[in-house]
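Shown next, in C-alpha cells, is the structure this report addresses.
Any read-out appearing in this document is the output of simple, stated calculations on the displayed coordinates, not a laboratory observation. A quick note: this is a predicted structure, and the numbers were derived from the prediction, not measured. Quick reminder, even Gly has a Cβ in these numbers, built from the backbone with ideal geometry, and neighbours come from all protein chains shown.
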Amino acid sequence: MNQLPIIDISPLYSGHEHAHLEVARQIDSACREWGFFYIEGHPISAARVAKLSDHARRFFALPAEQKLEIDITRSRHHRGYGAIATEQLDPQQPADLKETFDMGFHMSAEHPDVLAGKPLRGPNRHPPQIPGWAELMEGHYRDMHDLASTLLRAIALALGIERDFFDRCFAEPISVFRMIHYPPRLTATRPDQQGAGAHTDYGCITLLHQDQAGGLQVQNVRGEWIDAPPIEGTFVVNIGDMMARWSNDRYKSTPHRVISPLGVDRYSMPFFAEPHPDTVISCLPGCHDASNPPKYPATTCEAYMLSRFAETYAYRREADAKAT
C-alpha cells in the first residue's frame, strides 16, 4: 500500500487490441485501488521536458511587475500568472506557497464563445519577455491533449463504454496546462503553510511532470500520506472529481498535497484534462445498478468547474459576488 503502480502505455500506440486491453486492465486496477499511477512509454521527449523546465525557471525568475502584466486575477477566463498565496486548495490551511502560470485551449477574441462572454473561454496570455514561449507552450498543450486522449480511450475500454466516448466530450476542451514554482519552505509566512494543501483535482485526469525536488504525497486507503517521488521519464496520473462522478466512484479521486522542499525550489507541470464546458457529467452506463444507484446528480463541466474555482480562488468568489 506504499508504492504507486507504474504502467507502460507504449502498447496503446500499437495496433494490437489485446495489448490495449491489458493496459486498460492495469489502469482499471490502479484507478480502483489508488486513483493514482505512473505512466512510462509515452511520446513526450526528455528534450521537450527539459526545454519546458528551462522556460519555467526563466519565467518565474522575472521581476514580479513583469509577471503581473498577465495577472490571472485580471483575466475573465482564468489565464496567466498566479502570484504566491492566491490559491488555497485546503480551506483549513493557509494559502498555498506557490506561484503559477495557466494556459488553456486558445480561442481568438472573434470566437463565438468568447464573443458571448462564456466563462473559461478566451485567448491565452503569454509572457512577451521570453522568445519562443507561445509557440512552445501551444505545441506542448496540443501534445498533452493527445496523450490525455490516448489514456482516456484506455479508460473507456476499462469502463466498458464506447472507445471514442471521451474523444467526443473533449472537442474544444477547457483543459489547463500549468507551470508551478514552489519556493523553499523557509520562505513560508507560517509554519503550517504548505506548497499545496490537501485536495482532490477537479477535472477528469491529471498528468503531472515533477522535477527531482520531490514533495508530492498521496493518501492511501488507510488515510496515510505516502511519498510519490519523481521517477525519470514518467508522468504521475491521477483521477479527478469529474471522472469519479462519471464512474460513480468506481474510480477514486484521491487526496494529495505538496510539502515544499526545505532548501530548494520545486517546479512541476500538470496538465488537467477537462472536457468541453457543455459536457454533461452523469453516471456512465455500467457504473450503477439497483444495488449501487448513481451517487451524484447530473451537472455540466462548466457548472462544476466554476463551483470549485469559487472555493479555491478568492478573486473568483469576488467576481461571482459582483455578477450576482
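If you count Lys pairs in the stretch 6-323 whose Cα atoms are under 24 Å apart, skipping same-chain pairs closer than 8 places in sequence, the total is 5. Among 200, 187, sorting on how many other beta-carbon atoms sit within 10 Å of each Cβ, with the fewest leading, yields 187, 200. Calculated on C-alpha atoms, the gyration radius of the stretch 6-323 divided by its Kirkwood radius gives an Rg/Rh of 0.94.
Net charge of the neighbourhood of residue 221, taken over other residues with C-beta under 15 Å away and scored Lys/Arg +1, Asp/Glu -1, is +1. Normalised size of the stretch 69-186, defined as Cα radius of gyration per 2.2 N^0.38 Å with N residues, equals 1.24. Look at 29, 175 and count the other Cβ atoms within 10 Å of each Cβ; fewest to most, that gives 29, 175.
The GluC sites (Glu not before Pro) of the stretch 92-138 that meet both conditions, a loop assignment by DSSP and at most 14 other Cβ atoms within 10 Å of the site Cβ, are 110.
A Cβ-based charge dipole, computed about the Cα centre of the stretch 6-323 with Lys and Arg at +1 and Asp and Glu at -1, lands at about 540 debye. In this structure, the amide hydrogen of residue 264, modeled 1.01 Å from its nitrogen in the peptide plane, lies closer than 5 angstrom to those of 185, counting only residues at least 5 positions away or on a different chain. Of the trypsin sites (Lys or Arg not before Pro) found in the stretch 201-307, the ones in coil according to DSSP and having at most 15 other Cβ atoms within 10 Å of their Cβ are 222, 295. Amide H contacts for residue 82 (H built 1.01 Å from N in the peptide plane; partners 5 or more residues away or on another chain; cut-off under 5 Å): 72, 100, 101, 102. DSSP beta bridges confined to the chain are antiparallel in about 90 percent of cases.
In sequence order, the stretch 288-302 has phi-based couplings of 8, 7, 4, 8, 9, x, x, 8, 10, x, 5, 8, 10, 4, 4 Hz under the Karplus curve 6.51 cos²θ - 1.76 cosθ + 1.60, θ = phi - 60°, and Gly or Pro positions carry x. Annotation: extensible slack from residue 76 through residue 190 equals 37.9 nm (criterion: 0.36 nm per residue apart, minus Cα-Cα distance). When the helices of the chain are scored as -39500 (n - 2.57) per DSSP H run of n ≥ 4 and the total is divided over every residue, the value at 222 nm lands at -9500 deg cm²/dmol. Other residues lying with their Cβ under 12 Å from the Cβ of residue 237 contribute a combined charge of -2, Lys and Arg counting +1, Asp and Glu -1.
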